[in-house]
Amino acid sequence: MSRMNKNAAKVDVFQAIADPTRRKLLELLGDREMSVTVISGHFPMTRTAVSKHLRILTDAGLLKDTKVGRETRYRLEPEPLLELKRWLAYYERFWENKLSALQRYVESDRSGSDVPESVVSKAATLEEEGLSTEPGLANQPHSSDKAPKGTKSRSTSDS
């Protein structure tokens with residue numbers, strides 16, 4: 001078994017992209033191949049720290065490293081990102097349902113209210129694109145809902 005195959009089993013794509021620095025590395029290498037020296041110039045950390053991040057991404061199969069003389073060059077290998085795309089596609093249906101509900105609510109309330117046309121338009125655009133600017137907020141309890149047992153509601157003062 002090759003070194004890359006052994007290491008790929010150690011680090012999965014989700015672990016590799018969990019770190020913001022590694023996500024920035026993927027963006028940086030999305031368009032072209034670069035050496036460690038060039039890559040390091042884009043980050044406020046040591047070359048050794050950058051190399052560790054590059055190794056994790058390489059072990060996950062997201063980067064391909066090639067020796068050119070004395071330097072190592074890295075380039076993006078996007079195929080493993082398909083696993084992430086498939087995983088996200090499953091959850092996209094929940095975002096779409098929330099956006100559809102928001103659009104129906106806004107459109108039904110808009111006839112006799114002061115809801116700006118821009119809000120309605122934005123909801124429609126987000127739904128068409130299958131995007132949400134804050135998908136985590138869609139499942140948050142309304143302010144009228146009771147706080148979970150053992151927690152304070154927002155209206156309760158801390159003093």
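Which residues, counting only those in the range 19-42, are assigned to a helix (DSSP H, G or I) and over 23 Å from the mean Cα position of the chain (by Cα)?
Scanning the range 19-42 gives Val36, Thr37, Val38.
Can you name the residue in the range 62-73 that is closer than 19 Å to Glu27 by Cβ and more than 22 Å from the chain's Cα centre (by Cα) and, of all such residues, is least open to solvent (accessible area, probe 1.4 Å)?
Asp65
Which is at pLDDT below 80 and either farther than 30 Å from Val11 by Cα or surrounded by 15 or more Cβ atoms within 10 Å (Cβ to Cβ) (or both), of Leu76, Leu126, Leu81, Leu102?
Leu126
When the residues of the range 43-61 are narrowed to those that are in contact with a helix residue (DSSP H, G or I) (Cβ under 6 Å, 6 or more places away or on another chain) and assigned to a loop (DSSP other than H, G, I, E, B), which ends up surrounded by the fewest Cβ atoms within 10 Å (Cβ to Cβ)?
Step by step, filter the range 43-61, then rank; the result is Phe43.
Would you confirm, using the coordinates I've provided, whether Thr72 is among the hydroxyl-bearing types (Ser, Thr, Tyr), touching a helix residue (DSSP H, G or I) at 6+ places or on another chain (Cβ under 8 Å) and not in a loop (DSSP other than H, G, I, E, B)?
Judged against the criteria, Thr72 is a match.
What number of residues within the range 22-42 satisfy the criterion of being surrounded by fewer than 15 Cβ atoms within 10 Å (Cβ to Cβ) and closer than 20 Å to Lys85 by Cα?
Within the range 22-42, residues that are surrounded by fewer than 15 Cβ atoms within 10 Å (Cβ to Cβ) and closer than 20 Å to Lys85 by Cα number 5.
The values are calculated or read from the model by the stated rules, or taken from the named source; none is laboratory data. This structure is a prediction, so every number in the text was calculated from the model and none was measured. Using ideal geometry, Cβ is built from the backbone for each residue, glycine included, and neighbour counts are taken over all protein chains shown. Accessible surface is based on the protein model in full, side chains and every heavy atom, while ligands, DNA and RNA are left aside. Shrake-Rupley method; radii C 1.70, N 1.55, O 1.52, S 1.80 Å.
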